[in-house]
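I have placed the structure first, in the form of structure tokens, so that the comments after it can refer back to it.
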Amino acid sequence: MSTSEDSLSSSTARSGDLERLLVGAADLPKAGLDDFTELASPSSDEDPPPMTGPTPEGTALLNRAFNDKPAREVRTSFASTDSSIVVDEGVSEREAGGAAVWMAEMREVYALCAAWTISFGDQEIPVQVVDPADDPSKPLQVEQRFGDEALMRTMLAGPVGQQAQITTLLVRDGDRALELTFRSLATEPGTPEATRLDLAMSKFLELAPAKFLAPPFAG
């Protein structure tokens, strides 16, 4: 086998190790998530659309952090039966020290940018960070549960009345990182929709980080 073939084989094996840290369809019923279906794996090669922050420094930081490319990455997605809740999951591995640097940049994003816009052609989509401003204790309690460090934030995206709610949990374990993102229409607290979303989030928050933080060759 040539050197290039050796390198490709090694890279494929390492990606396979990462895939074992993702939630799979077989994990869903055991976690009480049998109303979710695994979707086709999304591409990890697409660049996010341009973003504009409140300052030039914020704009540069947003685009740098969200365009960060890990050395290896695997992704999957899940949708509820009625597609009202979509869960995206990614597990990545960065060069030595790279995951810690990326997490620091993501913390800086939320510290400097309470709001920004995303450009889709001629359309500008407003994004507003709403958590942990409403309840600073809850997300911090979640963050303290996982890995070497974790970061959780909730955002509203889109015009008022048509806003999507996006909650993202980032977990770092050494040079590996987990991204778990929940997407749905914005819900009012106390409604059946909000209760359903909270229940699904709590189950995925128990399942995905636990599997990610397990030894890669665990049976």
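The values are calculated or read from the model by the stated rules, or taken from the named source; none is laboratory data. None of the values given here were measured: they were computed from a predicted structure. Here the Cβ is made from the backbone with ideal geometry for all residues, glycine too, and neighbour counts use every protein chain on show. To get the accessible areas, we keep the full protein, side chains included, count just its heavy atoms, and leave off ligands, DNA and RNA. Shrake-Rupley method; radii C 1.70, N 1.55, O 1.52, S 1.80 Å.
Let me confirm something: among ALA194, ALA164, ALA115, ALA200, which residue is over 30 Å from ASP17 (Cβ atoms) and either touching a residue at least 60 places away in the same chain (Cβ under 8 Å) or touching a Cys at 6+ places or on another chain (Cβ under 6 Å) (or both)? Residue meeting the stated conditions: ALA115. Out of curiosity, is VAL74 within 30 Å of LEU199 (Cβ to Cβ), surrounded by 14 or more Cβ atoms within 10 Å (Cβ to Cβ) and at pLDDT 95 or above? Judged against the criteria, VAL74 is not a match.
On inspection, GLU89 does not qualify as charged (D, E, K, R), in a helix (DSSP H, G or I) and either at pLDDT 95 or above or open to solvent by 30 Å² or more (accessible area, probe 1.4 Å) (or both).
Filtered by the rule that a residue be surrounded by fewer than 17 Cβ atoms within 10 Å (Cβ to Cβ) and part of a strand (DSSP E or B), the stretch 114-128 gives ALA115, SER119, PHE120, GLN123, GLU124, ILE125, PRO126, GLN128.
Pairs are defined by a Cβ separation below 7 Å, a sequence spacing of at least 6 or placement on different chains, a first member in the stretch 4-33 that is farther than 24 Å from THR81 by Cα and assigned to a helix (DSSP H, G or I), and a second member that is among the β-branched types (Val, Ile, Thr) and at pLDDT 95 or above; the pairs so defined are LEU18/VAL91.
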